[in-house]
Amino acid sequence: MYALVDCNNFYVSCERVFQPHLNDKPVVVLSNNDGCIISRSNEAKMAGIPMGAPEFKVRDLIKQHNIYVFSSNYALYGDLSHRVMKTLEHFAPNVEVYSIDEAFLNFSGQDIPDYHAYGLQIRKRIMKWLSIPTGIGVAPTKALSKIANRIAKKFHERTQGVYVIDSDEKRIKALKWTKIEDVWGIGFRLTKKMQAKGILTAYDFILPHNEWFVRKEMGVVGMRLKYELEGKSVLEMEEPKSKKNIAVTRSFEKDITDFDALKERVVTFASVCSEKLRKQNSCCYGVILYLSKDRFRANGAKYSFYRLQTLAFPSNSVFSISDLAVKMLKEVYEHGAIYKKAGVIVTEIIPANQKQFHLFDDENPKFQKLMEVMDAYHEKVGERKIKLASQDLKRTWKMKQNYLSKRYTTNFNELLEVRCK
């Protein structure tokens, strides 16, 4: 049996952990640069705040319902997510972290007489240790556990947040209840095609006369999904893998026209890419620079630019990667142009221990030793204390974050203060 544990309204729940006065109050969390609504409390949903709406379009609604607004605080969310995943490891030996707020548990080999009671125990433990509410779906396959999770959340009062699909009768009933657009792996375009074919529910999806259509439109992926919905487990738990590409891209807090300001952003993004490479013990050959102008002022002209160049040797050094990124920036930069966004993407990644050395053209050996010293220092005192001279020493991410909460668990200066009387 598999379980899908999903944290409810995760970003909002994280804000409530250290601000309990927000419980039962409408709360929303905004995306980067305070752009769109990306997380809503149930109270905000009832107030009519749509998911993904730009903040400026619902500003009147926010004021009308006294909705609390927060900027994305990924340092806090990432740390609490890590703690949730570590807690789940107490309940199953095999945990697959699916996203920042979701994880699959595989109960193979465990003797669990009552899965519903076990699910309640998991919910209770996460709530007691972290104050994060969750929904849990348990079923014989991963795809069915996603559906069970949806039922657990939809009918919370009847299920107590845990639903188990452990019989054919329950499976058929759940499939008939689930709309095709809510099935795991069915996106917007596929939904349109399915609906046009008369496939409106998950149950319609597995009917024998629709198999040819599923095979034609989705191929092997569709057949795997069909088997999963029929209760035949074909999707295994996935092991954590090193990333094949690492991208760091951000919109700017304000428009940038100056080359030095743009260079500072590019060097910072290259620096973060190199950090991530070293964390997964990898090196890269390819470096891609991405720039985007204001598309509303482009007047039909090209507004986004990519440039790829290859290093002469594989590297995870901030010096080599940022030098190449800045070299590309000098080639594509247009004086007077208004830039809105930039990014650095490293690709052609290989494990660091498979690095091929070159006889005549290789990286300065001092760079690697210096990276080791930097990483050791950051591990001891906190990340990004040592930077290149061309970087801004005060801020890494220059984004509009007017409603940012404290990083209660990752910054010593922002620890929660408790007054004892």
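The values are calculated or read from the model by the stated rules, or taken from the named source; none is laboratory data. Here the structure is a predicted model, which means the values were calculated and not measured. Note that each Cβ is placed from the backbone with ideal geometry, even for glycine, and that neighbours are counted across all protein chains shown. Just so you know, the surface numbers come from the protein's heavy atoms only, side chains and all, with ligands and any DNA or RNA stripped out. Shrake-Rupley method; radii C 1.70, N 1.55, O 1.52, S 1.80 Å.
Computed values, structure above
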| item | result |
| --- | --- |
| Accessible-area value, Leu200, 1.4 Å probe, nucleic acids and ligands omitted, Å² | 90 Å² |
| Cross-link reach list, lysines versus Lys216, counting only Cα pairs under 22 Å and skipping chain neighbours closer than eight places | Lys179, Lys192, Lys193, Lys197, Lys226, Lys232 |
| 5 angstrom amide H check on Leu235, placed H, neighbours 5+ away | Lys142 |
| Cα gyration tensor, segment 195-246 - rounded (a/c under 1.5), prolate or oblate | prolate |
| Most to least accessible of Met194, Met51 (protein chains only, probe 1.4 Å) | Met51, Met194 |
| Gyration tensor verdict on segment 216-304 (Cα atoms; rounded if a/c is under 1.5, prolate if a/b is larger than b/c, oblate otherwise) | oblate |
| Calculated from backbone phi, Karplus (6.51, -1.76, 1.60) coupling profile of segment 182-197 in Hz, x at Gly/Pro | 9, 6, 4, x, 9, x, 4, 5, 5, 4, 4, 5, 5, 5, 5, 8 |
| Table column - 3J(HN,Hα) (Hz), segment 140-153, Karplus curve with 6.51, -1.76, 1.60, x for Gly and Pro | x, 9, 5, 5, 5, 5, 5, 5, 4, 5, 4, 5, 4, 6 |
| Interchain or long-range residues, amide H under 5 Å from Ile165's placed H | Val138, Ala139 |
| Positive dipole terminus of the chain, leading residue within Pro26, Ser322, Phe357 (C-beta point charges) | Pro26 |
| Viscosity 0.890 mPa s, 25 °C: Kirkwood-radius Stokes-Einstein D of the chain over Cα pairs, µm²/s | 100 µm²/s |
| Arg158/Met51 FRET efficiency (R0 22 Å; Cβ-Cβ; nearest 0.05) | 0.35 |
| Greater than 26 Å apart at Cα, pairs in Lys330/Lys406; Lys153/Lys176; Lys124/Lys173 | Lys330/Lys406; Lys124/Lys173 |
| Residues whose placed amide H lies under 5 Å from that of Ser282, excluding near-sequence neighbours | Ala352 |
| Candidate lysines - alpha carbon under 18 Å from Lys380, same-chain residues fewer than 8 apart omitted | Lys276, Lys279, Lys369 |
| Rounded to the nearest 20 debye, dipole of the chain from Cβ charges on Lys, Arg, Asp, Glu | 940 debye |
| Where labels lie 7 Å past Cα in the beta-carbon direction, separation of Lys387 and Leu235 in nm | 4.1 nm |
| Length released on extending from Lys302 to Glu89, taking residue separation times 0.36 nm less the Cα-Cα span | 71.8 nm |
| Order of exposure, largest accessible area first, which applies to Cys36, Cys273 with probe 1.4 Å | Cys36, Cys273 |
| Accessible-area value, Val344, 1.4 Å probe, nucleic acids and ligands omitted, Å² | 0 Å² |
| Mean residue ellipticity (222 nm) of the chain, computed from DSSP H runs ≥ 4 via -39,500 (n - 2.57), nearest 500 | -12000 deg cm²/dmol |
| Segment 346-351 - phi-based ³J(HN,Hα) in whole Hz, Karplus 6.51/-1.76/1.60, Gly and Pro as x | 9, 9, 6, 8, 10, x |
| Nearest-10 value in Å² for the accessible area of Phe18, using the 1.4 Å probe | 50 Å² |
